[in-house]
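**Student:** My structure is below; once you've seen it, I'll send some questions.
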Amino acid sequence: MVVNQRWRKWWAKLQKWLALRHLALIVVLTLVPSFLWMMNRLTNELIGSRNLLEHTYQVLARIEHLRTDIDALELGRISYFVSHNIESLQQTNHARGLLGVEIEELKALTSNHYLHRKLNQFEHVAKALLEETARNIEGLDLGNTTYTAFSHQAQMLMLQARSLLEEMHRHENSLLSSRMDSSNSKELEWEHMLGLTGISLLLMLGFILIHMYREIVQHRRLEVTLREIQGQNQVTLRNQALMGELSSLLQACSSVDESLGMIRQFAMQLFNVDAGALYLFRESRNQLEERMSWGIGLKSEPVFQPENCWALRRGEIHAMNGRPESLKCRHVQVSEGVCCLCVPIIAQGNVLGVLYLENHHEQVFDDVQLKLASTVTNQVALTLASMKMQETLRNLSVRDPLTGLFNRRYMEESLQRELAIAQRKQRQLGVVILDLDHFKNFNDTFGHDAGDFLLREVGALLVSNSRSSDIVCRFGGEEFVLIFPETEAEIMMERTEHLRKVIFALQLQHFGRSLGQVSASFGLAFFPVHGNTADELLRLADKALYRAKAAGRNRLEMAVRP
């Protein structure tokens with residue numbers, strides 16, 4: 001009896017449990033079709049949303065490719081103007097070839113009426129830009145294109161092209177934002193539906209939940225990646241704007257020092273580092289010296305040898321991550337936790353210096369910073385090379401190649417300018433012409449190489465015994481002219497007499513051979529005592545010089561007003 005009762009109770013519980021299972025199964029089977037239909041609809045919508053997002057990313061990427069092609073075209077065009085480097089011309093031709101392909105691919109990728117209209121405008125501007133670039137390069141090769149003609153029209157077209165790309169970029173970003181909102185809304189609806197389906201759907205469709213969970217994670221990762229990309233794009237756009245402004249300002253600079261000051265100002269904005277410096281080779285090419293720096297706690301030495309920097313020895317970027325095992329440059333006093341970066345400054349195959357950056361507290365330089373440092377260094381290299389070339393040309397136009405003194409042309413211009421200043425300020429001005437005595441006999445005795453050596457030594461002597469405001473020039477042959485602004489007659493005579501004694505005291509040897517006694521004769525003239533014009537002062541000083549020669553040489557004579 002007891003066994004039968006227990007059996008009956010167990011059987012009753014089993015029947016009750018089976019009845020509940022059947023009921024649950026019926027409910028689940030009833031909900032499954034609607035659930036499948038809803039899941040199918042929502043899944044299709046999510047897939048469509050992701051496809052739209054992917055399409056938007058592709059459009060944005062194509063726009064970025066167009067922007068890169070435009071920048072490469074401009075960089076190659078300017079580089080070819082500066083350096084006439086065939087690689088720059090090849091870069092320009094490569095960018096020209098890619099531009100049309102990228103435009104057609106972007107047209108095929110989208111059916112947006114607004115974007116097609118902007119693309120047609122951009123294609124028209126790009127065609128005009130390519131034609132203008134071709135004309136500029138042809139004109140440059142023929143030598144009949146100035147920088148203004150070379151850059152003005154092309155820059156205007158470049159600005160139009162970049163403006164159109166920026167408008168398309170903003171439009172796609174707006175479209176991307178709306179599609180992301182729509183995708184998020186559909187995702188939220190899908191999650192609500194999951195909550196309503198209950199435990200039965202979780203039991204039967206667990207694999208679907210796992211699959212969808214993976215989709216959600218992937219979608220969220222995509223959102224995070226997109227935010228990071230947007231942040232990087234903003235930084236890139238900011239850096240590009242700063243680089244464009246820097247490039248424009250550097251083209252307007254007139255000296256290396258002015259360019260370095262401009263580079264320092266923009267480097268502080270471009271590089272998120274604790275300290276940095278720019279080193280350039282000295283004229284001797286055996287040492288580098290710090291020409292500008294920023295930040296606090298710079299660990300690099302102000303002057304060092306080229307072999308102490310691995311970036312200069314290898315000709316490529318060298319990074320130090322602050323760890324004991326990293327290869328350190330000897331010019332850096334690296335302590336643990338300090339990360340350093342050395343970037344060589346190379347223009348047209350010539351190493352001009354090195355850009356040094358450092359981060360404290362173990363902040364390692366990433367790829368974006370490395371690329372930015374390389375880009376800035378290339379711009380700096382082109383600027384410095386251009387500035388050095390301009391300075392060389394200026395020196396060739398105003399300097400005497402033998403002595404390094406100012407030449408006659410510069411002397412005449414400077415004398416006119418100083419006379420105008422003296423007249424305006426009512427100050428005195430002195431002009432001295434000196435001539436080396438018996439220089440022809442000296443050349444005949446010791447040779448022309450010794451004569452050139454004597455001229456260089458006398459020129460250096462005159463410079464070292466003159467004020468920074470005085471102007472020392474080689475007038476021609478063995479004659480020199482000195483201009484003394486704002487100098488009283490008595491003082492100028494004392495200084496001229498000192499120069500005569502210093503020259504007379506010279507004891508020169510050329511290749512171990514004594515060159516004997518050297519002397520010079522001097523003729524002096526003053527403004528306004530002896531004349532009011534440059535020609536008059538030079539003529540009277542020259543007459544005084546001849547009187548000194550006639551009176552026995554190695555002496556000075558004052559001009560006499562006729």
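**Student:** Keeping the other protein chains in place, figure out the carbon and sulfur percent of the accessible area of segment 257-303, with a 1.4 Å probe.
**Tutor:** For segment 257-303, the apolar C and S fraction of the accessible surface comes to 41 percent.
**Student:** On to the next question. Under 5 Å between amide hydrogens, which residues at least 5 positions from ILE471 or on another chain qualify, with H placed 1.01 Å from N in the peptide plane?
**Tutor:** The answer is ILE483.
**Student:** Per residue of segment 497-508, in order, report the coupling 6.51 cos²θ - 1.76 cosθ + 1.60 (Karplus, θ = phi - 60°) as ³J(HN,Hα) in whole Hz, putting x for Gly and Pro.
**Tutor:** 4, 5, 4, 4, 5, 5, 5, 5, 7, 4, 10, 9
**Student:** Let me ask something else. Around SER374, under 11 Å between beta carbons, what's the net of Lys plus Arg minus Asp minus Glu among the other residues?
**Tutor:** Neighbourhood net charge equals -1.
**Student:** If I compute solvent accessible area with a 1.4 Å probe over the protein chains, what percent of it on segment 459-562 is carbon and sulfur?
**Tutor:** Of all accessible area on segment 459-562, carbon and sulfur atoms account for 53 percent.
**Student:** A follow-up question, please. Run the simple label-point estimate for ASN443 and ALA551 please: 7 Å along Cα→C-beta, distance reported in nm.
**Tutor:** Each label point is offset 7 Å from its Cα along the Cβ direction, giving 2.8 nm.
**Student:** Between ASN465 and ASN350, what is the FRET efficiency for a Förster distance of 41 Å, r being their Cβ-Cβ separation, to the nearest 0.05?
**Tutor:** For R0 = 41 Å, the calculated efficiency reads 0.70.
**Student:** How much length is gained if the chain between ALA241 and ASN286 is pulled fully straight, taking 0.36 nm per residue apart and subtracting their Cα-Cα distance, in nm to one decimal?
**Tutor:** 12.5 nm
**Student:** Any idea how far apart HIS55 and ARG220 come out in nm if each label point goes 7 Å out from Cα toward Cβ?
**Tutor:** Roughly 2.8 nm, to one decimal.
**Student:** What FRET efficiency, computed as 1/(1 + (r/R0)^6) with R0 = 25 Å and r the Cβ-Cβ distance, is obtained for GLU336 and ASP366, rounded to the nearest 0.05?
**Tutor:** 0.80
**Student:** Counting only protein heavy atoms and using a 1.4 Å probe, what share of the accessible area of segment 344-423 belongs to carbon plus sulfur, as a whole percent?
**Tutor:** Of the solvent-accessible surface of segment 344-423, carbon and sulfur hold 52 percent.
**Student:** Excluding ligands, DNA and RNA, what is the solvent-accessible area per residue of segment 259-411 at a probe of 1.4 Å, expressed in Å²?
**Tutor:** That works out to 50 Å² per residue.
**Student:** Further question on the same structure: Report the gain in length on full extension from GLU412 to ASN272: 0.36 nm times residue separation, minus Cα-Cα distance, nm rounded to one decimal.
**Tutor:** Contour length minus Cα-Cα distance gives 45.3 nm.
**Student:** Sticking with this structure for a sec: For segment 235-368, evaluate the Debye formula with one uniform point scatterer on each Cα (no solvent term) and list log10 I(q)/I(0) at q = 0.11, 0.14 Å⁻¹, rounded to two decimals.
**Tutor:** -0.40, -0.65
**Student:** Hey, quick one: spin label on ARG264, modelled 7 Å out along Cα-Cβ, who in segment 281-303 has an amide N within reach, i.e. under 19 Å?
**Tutor:** 281-282, 288-303
**Student:** Compute the distance in nm between two label points, each set 7 Å from the Cα along the Cα-to-Cβ direction, one at SER174 and one at LYS107.
**Tutor:** Rounded to a tenth, the inter-label distance reads 2.4 nm.
**Student:** Evaluate E = 1/(1 + (r/R0)^6) for LEU188 and SER374, where r is the Cβ-Cβ distance and R0 equals 30 Å; express this FRET efficiency to the nearest 0.05.
**Tutor:** With a Förster radius of 30 Å, E is 0.10.
The values are calculated or read from the model by the stated rules, or taken from the named source; none is laboratory data. These numbers come from a predicted model, not from an experiment. Reconstructed Cβ throughout: ideal geometry from the backbone, glycine too, with neighbour counts over all protein chains shown. For accessibility, only protein heavy atoms count, side chains too; no ligands or nucleic acids. Shrake-Rupley method; radii C 1.70, N 1.55, O 1.52, S 1.80 Å.
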